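The values are calculated or read from the model by the stated rules, or taken from the named source; none is laboratory data. Since the model is a prediction, treat every value here as computed from it, not as a measurement. Here the Cβ is made from the backbone with ideal geometry for all residues, glycine too, and neighbour counts use every protein chain on show.
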Amino acid sequence: MKPPVLRLKRGRDPRVRVHPWIFKGDVADVSDVEPGAVVTIVDVAGRFVGRGLYNPRPALCCRVVTWRDEAVGDALLRRRIAVAVARRTEHGALPTLGRLVWSEADGLPGLVVDRYGPVAVVQCLTLGMALRRRDLVSALREAIGDVPVFSADEPGQATLEGFDPARTWLDEHGPDHVIVEEGAVKIGVTFGQGHKTGLYLDQRENRLRVAAHAAGCDVLDAFSYTAGFACHALVAGARRAVCLESSPEAISGAHENFKLNDVADRARIVAGNAFDELRRLDRSGERFGLVVLDPPPFARGRDALDAAARGYKEVNLRAMRLLAPGGVLATFSCSHHVSAEMFEAICREAAGDAGVSLRVLDRLTQSADHPEALTIPETRYLKGVLLHAV
């Protein structure tokens with residue numbers, strides 16, 4: 001049977017051909033189709049454009065899977081997973097920690113797969129992928145071996161797409177907790193708890209880069225989560241680390257990570273709101289040789305950009321005031337609506353208001369296993385700047 005047809009409005013075709021998202025406002029009409037099913041996308045004249053997975057519930061109603069006139073079935077999905085894994089295979093060895101599949105950037109929109117030692121974690125961000133979860137996992141195991149798979153769907157995204165989020169083992173039960181190695185640092189991961197799929201893998205390379213500036217420093221790790229940046233800094237020779245975190249679950253994980261790396265005697269966690277604590281530290285005259293700002297996304301939509309800009313400016317201004325002479329600030333935004341240019345402009349304004357002079361040491365982004373697709377700017381969501389107080 002031929003897939004149902006989604007017809008684009010006049011003038012919407014050129015944009016769609018370079019970006020795989022189709023919104024309801026792009027659609028002239030669509031066949032009667034089950035949510036999550038495959039549709040053939042055509043232009044206003046009926047010419048073939050591509051094939052994608054359709055869901056009438058969210059505003060982003062169709063994600064293009066292929067621009068070719070080919071079936072979107074088991075064979076295509078298996079091939080895409082195999083290619084994604086092969087791209088991340090170094091020197092013939094499979095990575096034991098990192099992202100194996102990154103949604104649109106790997107031609108599998110709505111699917112994320114991460115590897116934590118003996119366990120793979122699958123996250124479905126769309127109904128179309130959730131309905132195909134078992135087939136996708138079968139293809140994944142063909143590529144990486146027969147590993148236990150944990151499903152870690154995000155409840156908010158699942159509600160938007162209209163499916164029940166799975167946060168459990170798919171079939172074979174694996175270990176509830178593992179310890180992974182990131183360079184010289186050990187980090188504990190408990191499946192089904194915390195943010196993302198268990199760890200902020202997108203910051204893996206940045207944790208190593210930032211730690212290179214930590215030796216002999218007092219370190220402030222704001223929005224620290226389970227203290228990944230702080231652990232790397234302390235293992236690299238930092239004198240002490242202060243972490244700001246509000247989540248009891250994350251604080252518990254941070255304490256575990258300090259013990260795993262034998263640095264607990266040099267680490268302190270302040271439980272509270274990072275905005276308030278940054279102000280308090282500034283008032284008390286504290287100074288740090290290395291400050292890390294890795295907040296959650298302040299802008300989850302374009303309508304939140306003004307508020308997000310104010311938030312980013314506030315935390316950066318406070319952090320800049322806390323820098324000791326010659327200190328280094330690593331500051332990040334993971335809001336894909338905030339461009340790199342906008343983020344740097346906010347940092348410039350904050351530096352001006354803080355009355356500090358800063359030199360750019362480096363511009364940072366997500367780890368290489370979270371690739372950026374040129375025609376999909378949303379795939380580059382993590383922006384960072386490494387700044388030196390002069």
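At a glance:
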read-out: Test: residue in region 171-182 that is in contact with a helix residue (DSSP H, G or I) (Cβ under 6 Å, 6 or more places away or on another chain) and not in a strand (DSSP E or B); value: no
read-out: In region 169-213, the residues that are more than 24 Å from PRO155 (Cβ to Cβ), surrounded by fewer than 16 Cβ atoms within 10 Å (Cβ to Cβ) and in contact (Cβ under 8 Å) with a residue 40 or more places away in the chain; value: ILE179, GLU181, GLY183, ALA184
read-out: Unmet criterion (only one of (1) in contact with a Gly (Cβ under 6 Å, 6 or more places away or on another chain); (2) at pLDDT 95 or above; (3) not in a helix (DSSP H, G or I)) for GLU256; value: (3)
read-out: Residue that is farthest from VAL137 (Cα to Cα) [pool: residues in region 25-67 that are basic (Lys, Arg) and modelled with pLDDT of 95 or more]; value: ARG57
read-out: Filter result for VAL291 (surrounded by fewer than 22 Cβ atoms within 10 Å (Cβ to Cβ), β-branched (Val, Ile, Thr) and over 18 Å from the mean Cα position of the chain (by Cα)); value: no
read-out: Failed condition for ASP29, given (1) crowded, with 22+ Cβ neighbours inside 10 Å; (2) in contact with a strand residue (DSSP E or B) (Cβ under 8 Å, 6 or more places away or on another chain); value: (1)
read-out: Test: residue in region 265-272 that is of a type in the set (A, V, I, L, M), closer than 27 Å to ARG99 by Cβ, in the same structural domain as PRO371 (by TED's automatic domain parsing) and surrounded by 24 or more Cβ atoms within 10 Å (Cβ to Cβ); value: no
read-out: Region 140-167 residues that are over 15 Å from THR126 (Cβ atoms) and outside the structural domain of ALA37 (by TED's automatic domain parsing), paired with ones that are among the hydroxyl-bearing types (Ser, Thr, Tyr) and part of a strand (DSSP E or B) (beta carbon under 7 Å, 6 or more apart); value: ARG167/SER151
read-out: Every residue from region 199-220 that is assigned to a strand (DSSP E or B) and either charged (D, E, K, R) or within 23 Å of ASP369 (Cβ to Cβ) (or both); value: ASP218
read-out: Pick from region 101-151, criterion part of a loop (DSSP other than H, G, I, E, B) and among the charged types (D, E, K, R), ranking: surrounded by the most Cβ atoms within 10 Å (Cβ to Cβ); value: ARG132
